[in-house]
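Worksheet for the structure shown next.
The values are calculated or read from the model by the stated rules, or taken from the named source; none is laboratory data. From a predicted model like this one, the values you see are computed outputs, not experimental measurements. In this analysis, Cβ positions are derived from the backbone assuming ideal geometry, glycine residues included, and neighbour counts consider all displayed protein chains. With ligands, DNA and RNA removed, areas are computed over all heavy atoms of the protein, side chains included. Shrake-Rupley method; radii C 1.70, N 1.55, O 1.52, S 1.80 Å.
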Amino acid sequence: MPVHDFVLLHCPVDELPPRFEDPRYDAVKASPPAGCVPADFDGMFGLNCRREAPRLLDAVREVCAEVRAEHGFLLNDLGVEKLWEWSDDGTDGHGAAITGQLLLMAAHRAGVAGYTTDDLVSFLHTVSPPAPPVTR
């Protein structure tokens, strides 16, 4: 199974980004998800992660779910800048990281705006094109 290296940050839009030293991060710093190391990103809390999973988004999803279930907050940023620069390099490349960044931003911001997970899933099912056939 592939190993994926990625960064996850906590950057809420409904408040100033909490500082790395914020006490709400003490528990996750003491017991981070497997394969992740807490890190200070210009004062913001984040995790440097190395996780085995079939695809990049699977690895990101697992870490985000663990942190949310155990510590109560969403790591909503993959540290991707210039989201408009697209790369069609498959499910584990830079394009996947951009997709993950946009999905994390959408999940967080939709919740702040009052949308539910079901609303987002319905939206994606309605507007998304069919997946291309898998070739092996």
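Screening residue 13 with (1) buried (at least 16 other Cβ atoms within 10 Å of the Cβ); (2) closer than 20 Å to residue 103 by Cα; (3) touching a His at 6+ places or on another chain (Cβ under 9 Å) gives one miss only, at (1). Evaluate the stretch 59-66: report whether one residue or more is among the small types (Gly, Ala, Ser) and assigned to a loop (DSSP other than H, G, I, E, B). For the stretch 59-66, residues among the small types (Gly, Ala, Ser) and assigned to a loop (DSSP other than H, G, I, E, B): absent. A search for C-beta distances below 7 Å between a residue of the stretch 11-35 that is touching a residue at least 12 places away in the same chain (Cβ under 8 Å) and any residue that is open to solvent by 70 Å² or more (accessible area, probe 1.4 Å) and of a type in the set (Asp, Glu), counting only pairs 6+ apart in sequence or on different chains, returns 20/40. The set of residues from the stretch 66-77 being of a type in the set (D, E, K, R) and surrounded by 15 or more Cβ atoms within 10 Å (Cβ to Cβ) comprises 66, 77.
Scoring residue 43 on the criteria (1) out of contact with any Ser or Thr (no Cβ under 7 Å at 6 or more places or on another chain); (2) at negative phi; (3) open to solvent by less than 60 Å² (accessible area, probe 1.4 Å) leaves a single failure, condition (2). Kindly check whether there is at least one residue in the stretch 76-83 that is of a type in the set (Asp, Glu), part of a strand (DSSP E or B) and within 30 Å of residue 133 (Cα to Cα). Yes.
Taking the numbered list (1) closer than 29 Å to residue 25 by Cα; (2) open to solvent by less than 40 Å² (accessible area, probe 1.4 Å); (3) over 16 Å from the mean Cα position of the chain (by Cα) in turn, residue 63 passes all entries but (3).
Taking only the stretch 40-60 into account, find how many residues are closer than 22 Å to residue 20 by Cα, more than 11 Å from the chain's Cα centre (by Cα) and among the aliphatic types (A, V, I, L, M). Number satisfying all stated conditions: 1. With respect to the conditions (1) modelled with pLDDT under 90; (2) surrounded by 15 or more Cβ atoms within 10 Å (Cβ to Cβ); (3) touching a helix residue (DSSP H, G or I) at 6+ places or on another chain (Cβ under 7 Å), residue 83 lacks only one, and its number is (2).
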